[in-house]
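S.K.: Pasting a structure here, questions to come.
Derivation of every value follows stated rules applied to the coordinates shown; laboratory data play no part. No experiment lies behind these values; they were computed from the predicted model shown. Because the Cβ atoms are built from the backbone with ideal geometry, glycine has one as well, and the counts that use them run over all protein chains shown.
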Amino acid sequence: MGLNLKVKLGNVELQNPVMTASGTFGYGDEFNDYIDINRLGAISVKGTTIKERQGNKIPRILETPSGMLNAIGFQNIGVDRFIKEKYPYLQTLDAKTFVNITANSIEEFGELAKKLDDLDKIGGIEVNISCPNIKEGGINMGTDPIMASKVVAEVKKNTKHHVMVKLTPNVTDIKVIAKAVEDSGADSISLINTLVGMAVDLKTRRPKIANVIAGLSGPAIKPVALRLTWEVFKTVKIPVVGMGGIENATDALEFMIVGARAIQVGTANLYNPLASIEILEGIEKYMIENNIKDINDIVGTFKVD
Ligand SMILES: Cc1cc2nc3c(=O)[nH]c(=O)nc-3n(C[C@H](O)[C@H](O)[C@H](O)COP(=O)(O)O)c2cc1C
């Protein structure tokens, strides 16, 4: 039986819906010893900034019940080195590359998009808007619909590529932000980024993460991520890419049922480097067992009555 696992995110076709999430999969090559990364639908690379960054002081990761906290602080090689050192290999893959970008001002987002515009083989840009706009008094760009719209419009102005906008869960009403980014030209939405958290060391009464505040990810956040994915799916017409605690095919399929056209595997890569391929194989097995020929047929089929 021929299975169709291909999914379309706007004008970009992925060979299957399994992506890896930014910051948990490096630039892909590090995982080649464990899995054939070419089989994945897409890879979202580590958050890329204009300048190379060393990131925050350690300790900057901590295991928590069913999850982890991280405050890496966007350690990355910067956009110029990404283009020179990582793109040549990534462009040879069947798995599409999404270049996750992050910046501290609207202008810098535009600059990044422009620098990436000539990379004809990338699948798209994933815009991480969960960061403060330093120029305008530190307002978080992902929590303010006006600021989020401005970022998306600026990125769109500077690129021909597909623009996926990654939303933060740390808002009162995610529907408002989702609508704002769709209206300003986003081609797809991915969600969720990490939930803001912290941890205390009882002996020293000091924070367990040097940065004090950190992002919570992993299975602990899955119910929240599912709820937000469903809310965004019902709000926008553009494709939605779901993530948050996905560690097996069942998790991935649940996200697709509530509306995700594709899914991203994040923290699971860190404790099981085979997770993404196991999820792909698990989806295929589910399709065969349930006589589903086209994976698109399950997207958004959640029944609430
Ligand atoms: C160590 C670590 C680093 C991350 N770095 C980034 C990043 O650079 N850019 C970004 O958009 N998200 C980053 N994330 C967030 C993930 O891509 C993902 O949105 C989040 O962890 C939720 O998915 P998960 O529970 O499957 O990990 C990072 C997450 C972790 C755990």
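S.K.: By a straight-distance test (C-alpha under 20 Å), which aspartates and glutamates pair with Lys293 as possible cross-link partners, with residues fewer than eight away in the same chain excluded?
M.R.: Reachable aspartates and glutamates: Glu13, Asp251, Glu254, Glu278, Glu281, Glu284.
S.K.: A further question follows. Starting from the eigenvalues of the Cα gyration tensor, five times each then square-rooted, give me the equivalent ellipsoid semi-axes of the chain, largest first, whole Å.
M.R.: Whole-Å semi-axes of the equivalent ellipsoid: 27, 23, 20.
S.K.: Another question about this same structure. Using per-residue counts of other Cβ atoms within 10 Å, averaged over each peptide, order 291-304, 215-228 from highest down.
M.R.: Values: 291-304: 13.5, 215-228: 20.9.
Answer by packing, highest mean first, reads 215-228, 291-304.
S.K.: What does the highest-first list of 38-45, 26-33 look like by mean Cβ count within 10 Å?
M.R.: Most protected by this proxy first, the peptides run 38-45, 26-33.
S.K.: What span do the alpha-carbon atoms of segment 95-226 cover on each of the three principal axes, reported in whole Å from largest to smallest?
M.R.: The Cα atoms of segment 95-226 stretch 53, 33, 28 Å along their principal axes.
S.K.: Next up: Give the lysines reachable from Lys234 as a straight Cα distance under 22 Å; neighbours fewer than 8 places away on the same chain don't count.
M.R.: Lys234 reaches Lys8, Lys166, Lys175, Lys179, Lys222, Lys303.
S.K.: Which order results if Val151, Val79 are arranged by neighbouring Cβ count within 10 Å, fewest first?
M.R.: Neighbour counts put them in this order, fewest first: Val79, Val151.
S.K.: Got a sec? Charge dipole of segment 47-190, +1 on Cβ for Lys and Arg, -1 for Asp and Glu; which of Ile77, Leu116, Asn133 is way out at the positive end?
M.R.: Towards the positive end, the residue furthest out is Ile77.
S.K.: Now for a separate question. Taking θ = phi - 60°, what integer Hz values does the Karplus form 6.51 cos²θ - 1.76 cosθ + 1.60 yield along segment 66-82, in sequence order, with x for Gly and Pro?
M.R.: Working through the residues one at a time gives 6, x, 8, 10, 9, 9, 5, x, 6, 5, 6, 8, x, 5, 5, 5, 4 Hz.
S.K.: If you take every residue apart from Lys8 with its C-beta less than 15 Å away from the C-beta of Lys8, what net charge results, scoring Lys and Arg +1 and Asp and Glu -1?
M.R.: 0
S.K.: Still on this structure, please answer the following. Considering amide H positions built from the backbone, and no H for Pro or chain starts, which residues 5 or more places from Val258, or on another chain, come under 5 Å of its amide H?
M.R.: HN-HN under 5 Å from Val258: Gly300.
S.K.: List the trypsin sites (Lys or Arg not before Pro) in segment 115-184 that DSSP assigns to loop (not H, G, I, E or B) and whose Cβ has at most 12 other Cβ atoms within 10 Å. Which are they?
M.R.: Passing both the DSSP loop test and the Cβ count: Lys121, Lys135, Lys160.
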